[in-house]
Amino acid sequence: MDLLWQLADAVLNFMFIAILARVLFHWMGVNVENPLTVFLARTTDPILRPIRSILPRIFSLDLSPFVAISLIYILLEIVKQMRLTALST
């Protein structure tokens, strides 16, 4: 069971870092055809696209990465608490 919590933790941490890297690359103006940029876009789009469809842009600012990172952080805390609960029983 601990392996399941570790896997969930690893996936959520990876997505957190991937979204953060994508935002930083966008701010730095990294070429969109860069293989790493393409990988990050393909990896994070399934999370960011639904948020973008719900959340409107504010002054042409895309807040979907902020919302996604916030949700991932909340999920990480939930996984951590569930893992601790499972280990204590």
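Here, each number is a calculation from the coordinates, and none is a lab measurement. These numbers come from a predicted model, not from an experiment. Positions of Cβ are generated from backbone atoms using ideal geometry, with glycine treated the same way; all protein chains shown enter the neighbour counts.
Could you grab me the full set of residues in the range 21-61 that are surrounded by 14 or more Cβ atoms within 10 Å (Cβ to Cβ), touching a Leu at 6+ places or on another chain (Cβ under 8 Å) and basic (Lys, Arg)?
The answer is 22, and nothing else.
Restricting attention to the range 20-48, which residues are under 13 Å from the mean Cα position of the chain (by Cα) and in contact (Cβ under 8 Å) with a residue 12 or more places away in the chain?
Residues satisfying the conditions are 20, 21, 22, 23, 40, 41, 43, 44, 47, 48.
Considering only residues of the range 50-89 that are of a type in the set (D, E, K, R) and in contact with a helix residue (DSSP H, G or I) (Cβ under 8 Å, 6 or more places away or on another chain), which is farthest from residue 11 (Cα to Cα)? Give the steps one after another, and end with the answer.
So in the range 50-89, the residues of a type in the set (D, E, K, R) come out as 52, 57, 62, 77, 80, 83.
Still in the list and also in contact with a helix residue (DSSP H, G or I) (Cβ under 8 Å, 6 or more places away or on another chain): 52, 62, 80, 83.
On the way: 52: 21, 62: 24, 80: 13, 83: 15 Å.
Here the answer is 62.
Give the residues of the range 62-89 that are charged (D, E, K, R) and either loosely packed, with under 14 Cβ neighbours inside 10 Å or in contact with an Asp or Glu (Cβ under 9 Å, 6 or more places away or on another chain) (or both), sorted by residue number. Give the steps one after another, and end with the answer.
In the first step, residues of the range 62-89 are kept if they are charged (D, E, K, R); the result is 62, 77, 80, 83.
If the condition is that a residue be charged (D, E, K, R) and either loosely packed, with under 14 Cβ neighbours inside 10 Å or in contact with an Asp or Glu (Cβ under 9 Å, 6 or more places away or on another chain) (or both), then 77, 80, 83 are the ones that fit.
Out of everything in the range 49-77 that is among the polar types (S, T, N, Q) and over 9 Å from the mean Cα position of the chain (by Cα), what residue ends up being farthest from residue 6 (Cα to Cα)? Step through it out loud before you land on a result.
Kept after step one, since they are among the polar types (S, T, N, Q), are these residues of the range 49-77: 53, 60, 64, 70.
After this cut, where a residue has to be over 9 Å from the mean Cα position of the chain (by Cα) as well, the list is 53, 60, 64.
Working: 53: 31, 60: 37, 64: 26 Å.
Residue satisfying both the conditions and the ranking: 60.
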